Structure formats: structure tokens, C-alpha cells
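The next block holds one structure in the form of C-alpha cells; read it before the comments.
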Amino acid sequence: MPHHVERVPRVSLMLMAQVFRHQGGEPTLHRVSNLSARGVRIVQAGKLAPGDQVTILVGCAEPVTATVAWLKDDVAGLEFEGPICLENARQRRTDFSVPDIRAGWMTEIKHAHRR
């Protein structure tokens, strides 16, 4: 008979999370699609891979270390090292810094009137 593991309750929401890869590189922003005290599902996983260690900021919760548990179709599940405060995590953070765009047509958006 298969062993049943009870899932921690999840909350569906729309927030942004900032991810800092322990391997280095610039922090990245990701949309959070659901959240529990033990983990998070993010969209636009980018260069994350299962097993990667990251530090993640979700809402106004304290930064927490997490491991990428799974990845499928640019969606990733991250497991927190320890539980986070859901009340703080649900509060929208307003101080995310977005990396400068340095390539492609998007660079021109900052200079709409430049010739």
C-alpha cells in the first residue's frame, strides 16, 4: 500500500518573489502562483534547476533559504529550509529592485524621446 504524505495547505495568490541563486548572478523576479508555510510555486523559472539552492524573498516575509524541488514547463516548486510567516508573505513588497535592461528593443523604452 502506498505511503500517503499529507500536503501542507496552499494559498493561491499573485505576488512577486525575488530569488538570489547561491551559485551567483543577478537576483531575478518571479511571479508566485501559490504559497504554503513550507514552499512556493513560481512561474518564469528561468535558469533554475532541481537541486539549486537559493534565497527567496516572498512578500514581506524574512528571506529564507530554499531548494528547487521540481521544474516543469518554466514553473518551479521551491521547498523552504524552514517555515515562513504566511501573514507577512502575503503582504506585497514594494521595494524590489528590477535589474537594468541592457539588451534588445526594451532598452529603447527608457528613452522614448531619444533619437
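FYI, it's all coordinate maths here, none of it is from the lab. Keep in mind the model is a prediction, meaning the values are calculated, not measured. Backbone-built Cβ (ideal geometry, glycine too); neighbour counts: all protein chains shown.
For the range 50-96, the list of trypsin sites (Lys or Arg not before Pro) that fall in a loop by DSSP and count at most 14 other C-beta atoms within 10 angstrom reads 92. Once backbone amide H atoms are built at 1.01 Å from N, residue 48 has no partners under 5 Å, excluding neighbours fewer than 5 places away on the same chain.
Under 5 Å from the amide H of residue 91 lie the amide H atoms of 60, each residue being 5 or more positions distant or on a separate chain, with H modelled from the backbone and absent for Pro and chain starts.
Note that the range 39-53 has calculated 3J(HN,Hα) couplings of x, 8, 10, 10, 9, 6, 5, x, 8, 5, 9, x, x, 4, 9 Hz, one per residue in order, obtained from phi through the Karplus relation 6.51 cos²θ - 1.76 cosθ + 1.60 (θ = phi - 60°); glycine and proline are x. Here the spin labels are modelled as points 7 Å beyond Cα on the Cα-Cβ line, and at residue 92 and residue 33 they lie 2.1 nm apart.
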